[in-house]
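Q: Questions regarding the structure given below will be posed in turn.
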Amino acid sequence: MWKPSHIFSKRSAARIADGVRIYAIGDVHGCSSLLERLLESIQAHVKAFPSRRPILVFLGDYIDRGPASSQVIDQLVLLRNRQEVIFLKGNHESYLIEFLKNPTILSTWFKYGGFKTLQSYGLKPRSHSDLKEQECVASALSLALNRHGHREFFDHLKLSFVCEDFYFAHAGVRPGIPLDQQSEEDLLWIRDEFLYYKGELDKIVVHGHTPVVQAEVRSNRINIDTGAYVTGRLTCLIIERDQMKFISST
């Protein structure tokens, strides 16, 4: 059943067009059961409060750390066939994509939870492996992605999404740089220079990447990464006209 965890008052300076409703979802990190529960809550919300154009925006980091990365991608691929969805790229997806081209980064990817992702695709490589084994693992992963129909998903992730007064990116943006000129590295990785910036940005930036205990609302940004794989809480921000509210998997 849909239950709002927080409701915020109007923000007259930021809004989206009438008839559009955004459901922005934070970092999933291989937590397929949490994703399933949150999607059920979103569906219940849409049913209870119909919208002409509901759009789901996922902020990246679908894989690693949690136990079921391949299952999460299965869920997202199916979801794409049923409704309008935007899938953004996270830094963890960048590791998977880079590993397929450069298998020598395997040990580095392991530090970010990559073993869990490989395990979810039926692979169990050693953390300390030689180049030949690394290349074999990369080839096996490539075959698994194609077999599951996931390769296209990873190849077509977007770096950002704009809806009226809101800008969506995985990690954030670099202050002082126009939003249409942001680098991929900053969109996927930036932290302190963005998180501690208190000045105005061109739009309200909705992001994940940096886990917080509960969703964080600032004058220039909204962080909805609530550390799902640790806390068991996957968070969704709903934006409609000039109203915002949160729902979560708990």
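Derivation of every value follows stated rules applied to the coordinates shown; laboratory data play no part. These numbers come from a predicted model, not from an experiment. In this analysis, Cβ positions are derived from the backbone assuming ideal geometry, glycine residues included, and neighbour counts consider all displayed protein chains.
Q: To make sure I understand, if each residue's beta carbon is the centre and we count other beta carbons within 10 Å, what order do I239, I247, I86, I177 fall in, fewest to most?
A: Details: I239 26, I247 22, I86 18, I177 12.
Going from sparsest to densest Cβ surroundings: I177, I86, I247, I239.
Q: Also: Pull up all non-local amide H partners of I55: gap of 5 or more, or a different chain, and H-to-H distance under 5 Å with H placed in the peptide plane.
A: HN-HN under 5 Å from I55: R21, I22, Y23.
Q: Could you work out how far apart the two model spin labels at E40 and R53 are, taking each label as a point 7 Å from the Cα in the direction of the beta carbon, and quote it in nm?
A: It works out to 3.1 nm between the two label points.
Q: Still on this structure, I have one more. Taking the Cα-to-Cβ direction at S139 and at L79 and moving 7 Å from each Cα, how far apart do the two end points lie in nm?
A: 3.5 nm
Q: What ranking do R174, R191 get, fewest neighbouring Cβ atoms within 10 angstrom at the top? Mind showing how you got there, number by number?
A: Values: R174 17, R191 12.
Fewest to most other Cβ atoms nearby, the residues stand as R191, R174.
Q: In whole percent, what relative contact order does the stretch 9-61 give with Cα contacts below 8 Å and a gap of six or more residues? Before the final figure, lay out the partial values.
A: Working: 42 pairs, mean separation 30.6, N = 53.
Value for the stretch 9-61: 58 percent.
Q: Now for a separate question. Set the Förster radius R0 to 30 Å, insert the Cβ-Cβ distance between L123 and D192 as r into 1/(1 + (r/R0)^6), and round the FRET efficiency to 0.05.
A: Efficiency, rounded to the nearest 0.05: 0.30.
Q: May I ask you to work out the translational diffusion coefficient for the stretch 26-141 at 25 °C, viscosity 0.890 mPa s, via Stokes-Einstein with Rh from the Kirkwood sum over Cα pairs, reported in whole µm²/s? Present the calculation step by step, with values, prior to reporting the outcome.
A: Working: Rh = 15.2 Å.
In µm²/s, the coefficient rounds to 161.
Q: Can you put L96, L201 in order of Cβ neighbours within 10 angstrom, beginning with the fewest? All intermediate terms of the calculation are to be shown ahead of the outcome.
A: Details: L96 20, L201 17.
Fewest to most other Cβ atoms nearby, the residues stand as L201, L96.
Q: What full-extension length gain, to one decimal in nm, is calculated for K132 and D155 as 0.36 nm per residue of separation minus the Cα-Cα distance?
A: On the way: separation 23, 0.36 × 23 = 8.28 nm, distance 2.50 nm.
Length gained between K132 and D155: 5.8 nm.
Q: Next up: Using only the alpha-carbon atoms, what does the chain span along each of its principal axes? Please give whole angstrom values in decreasing order.
A: Largest to smallest, the principal-axis extents are 58, 41, 29 Å.
Q: To the nearest Å, what is the center-to-center distance of the stretch 97-125 and the stretch 135-159, using C-alpha atoms only?
A: Here the answer is 12 Å between Cα centres.
Q: Search the structure for amide H atoms under 5 Å from the amide H of I222, placed 1.01 Å from N in the peptide plane, and list their residues when 5 or more places away or on another chain.
A: So I222 has HN proximity to V205, V206, H207.
Q: Once you've got the Cα coordinates, tell me which of K89/K111; K116/K245; K116/K158 are over 27 Å apart.
A: Among K89/K111; K116/K245; K116/K158, the Cα-Cα distance tops 27 Å for K116/K245.
Q: Next question, about the same structure. Could you go through the stretch 38-54 in sequence order and give the Karplus-derived ³J(HN,Hα) for each residue, using 6.51 cos²θ - 1.76 cosθ + 1.60 with θ = phi - 60°, rounded to whole Hz, and x for Gly and Pro?
A: 5, 5, 5, 5, 5, 4, 5, 5, 4, 5, 6, 10, x, 10, 5, 9, x
Q: On to the next question. Cα to Cα, under 18 Å, and not fewer than 8 places away if on the same chain: which lysines meet these conditions relative to K132?
A: Once the sequence-local lysines are set aside, what remains near K132 is K101, K124.
Q: Tell me the label-point distance for the pair E164, Q214, using the 7 Å Cα-to-Cβ offset, in nm and rounded to one decimal.
A: 2.6 nm
Q: Can you give me the C-alpha center-to-center distance between the stretch 194-216 and the stretch 15-40, rounded to a whole angstrom?
A: That distance is 17 Å.
Q: Given an 8 Å cut-off on Cα distances and at least 6 residues of separation, report the relative contact order of the stretch 196-250 as a percent.
A: Working: 86 pairs, mean separation 13.0, N = 55.
Taking the mean separation of contacting Cα pairs over the length of the stretch 196-250, I get 24 percent.
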